[in-house]
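Participant: Structure provided below as structure tokens; questions to follow.
Derivation of every value follows stated rules applied to the coordinates shown; laboratory data play no part. Bear in mind that the values here come from a model prediction, so they are computed numbers and not experimental data. All Cβ positions, even for glycine, are placed from backbone atoms using ideal geometry, and neighbour counts span all protein chains on display.
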């Protein structure tokens, strides 16, 4: 999630629910950042334990150069090339139609079920950030396969912030012609497990860079798209490509396409100047990390 250097509010965050006292090891997979010591750990043993944080960092700085990470921008516009529709490997037969997470291996109760979050106050209001307006869009909710609102008009520089509620949804860019397939080069929030309890909800933000081009979005969880769970920005309601026509195309789609699952590893990118904090709750401790393309592993 590349963030502009001038952005100072609504910075992306990445959260990890800490389930036990076992160490959690993390590194930045961008280029050679790890080899430069850009690593982090939760519950690492103290020195002189062989698995202390200092030893972990020493291993990182001595590692061979990592492959550059592929990052997805939240501020790209649509492109002409479309990816062909494929069957979603995460959409297992019989999965909860409201996206409990059974169809997404990254949504399990582990550190891989991490997600970007924002305060309840931010999730409940629409305001201005910099020169653009922030448009809040509620994704899902108990028994809801919807984006609310389902379409809107935004100016260039405006931010559309998707706020995820129950149970496990995505905001994935597609095209009018192929509503339930990811657009090549388009944005994708990834799976965002959540519930309606709050007060913190996962969020994903997209900055509008071309107000003259419609943006088409769908939820790639299971058959949510085919159930009409789609969204659009700046549609031309006086043309054939209206929001209603896009939703009708989605309901007639044969299969939901998906980005490939990553198993027990989860990655996200945020600005290097984001804050790191830990909060307590009835479900355990949650750690917010400030990294660029952070990848988590349970053991060395």
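Participant: Sorted from fewest to most neighbouring beta carbons within 10 Å, what does the list 216, 15 look like? Before the final figure, lay out each step's value.
Facilitator: Numbers: 216 26, 15 19.
So the residues, fewest neighbours to most, are 15, 216.
Participant: Figure the gain on full extension for residue 236 and residue 47 (residue separation times 0.36 nm, minus the Cα-Cα span) and round it to one decimal in nm.
Facilitator: 61.8 nm
Participant: While we're looking at this one, here's another question. In whole angstrom, how far apart do the alpha carbon centroids of the stretch 177-204 and the stretch 9-42 sit?
Facilitator: With the stretch 177-204 and the stretch 9-42 each reduced to a Cα centre, they are spaced 21 Å.
Participant: What Kirkwood hydrodynamic radius, in Å, does the stretch 115-251 give when the mean of 1/r is taken over all pairs of distinct Cα atoms and then inverted? Can you show the working numbers first?
Facilitator: Details: mean 1/r = 0.0676 Å⁻¹.
Over the stretch 115-251, the inverse of the mean reciprocal pair distance is 14.8 Å.
Participant: Set the Förster distance to 25 Å, then compute FRET efficiency between residue 153 and residue 195 from the Cβ-Cβ distance, nearest 0.05.
Facilitator: Efficiency computed from Cβ-Cβ geometry: 0.25.
Participant: Next up: In percent, how large is the relative contact order of the stretch 115-251, given Cα pairs closer than 8 Å and 6 or more residues apart?
Facilitator: Relative contact order for the stretch 115-251 comes out at 28 percent.
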